[in-house]
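J.: Mind having a look at this structure? Questions to follow.
The values are calculated or read from the model by the stated rules, or taken from the named source; none is laboratory data. Keep in mind that this is a model prediction, so the values were computed, not measured. For accessibility, only protein heavy atoms count, side chains too; no ligands or nucleic acids. Shrake-Rupley method; radii C 1.70, N 1.55, O 1.52, S 1.80 Å.
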Amino acid sequence: DQATASEYIIARGLVSDECYPYTKRHGGNASKCEKQCSPNATDRSWVPHRAKAGSLRWLVTERAIQQEIFARGPVVSCFAVYSDFQRAGDGRVYSHGENATTKGPMSDGHCIKVLGWGVQPANANSGTAATPYWLIANSWGSSWGVLGGYFRMVRGANEGDIEREAFSL
């Protein structure tokens, strides 16, 4: 969750994506905490960037998240995961709200990197309306889902609290 992630960043810091890429094995346990850069890293310096208490920017609206991504790059967010989340890997814009009767109980929480946003065009053949979405990097590796480790989640609906749990350094 937000508090745990921010406490970690303040206490230990984070290294660059170039040093330690954002990955995790799909369906496995979280990878162990490394003390050196990945063997194929473009940046081999293990220099954690710490945040001072109070220096994290909490982003609690869709507009604030968009402005932060535009000005400074990707942001971190956490959201509630439901049993139908595996469907997020199918390439469509994920929303458990559309499956409210079959979504089941919340199963976990998940933190991810929000890279940007877009709009899935309407499809007259299937009768679907245009759908605004967030473009997200999942931490389960490039073999997860049809988008190579990325997925789209409905934007503007605070899906699983994703728009109330975002922050950046």
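J.: Just checking, does the range 37-57 include any residue being modelled with pLDDT of 70 or more, open to solvent by less than 40 Å² (accessible area, probe 1.4 Å) and over 25 Å from residue 143 (Cα atoms)?
T.: Yes.
J.: Which of the residues spanning the range 129-156 are open to solvent by less than 70 Å² (accessible area, probe 1.4 Å) and not hydrophobic (A, V, I, L, M, F, W, C)?
T.: Of everything in the range 129-156, those that are open to solvent by less than 70 Å² (accessible area, probe 1.4 Å) and not hydrophobic (A, V, I, L, M, F, W, C) turn out to be 131, 132, 133, 138, 139, 141, 145, 148, 149, 152, 155, 156.
J.: Here's another thing I want to ask about it. Count, please, the residues in the range 90-111 that happen to be in a strand (DSSP E or B) and either open to solvent by 60 Å² or more (accessible area, probe 1.4 Å) or modelled with pLDDT under 90 (or both).
T.: Going through the range 90-111 one residue at a time, the tally reaches 6.
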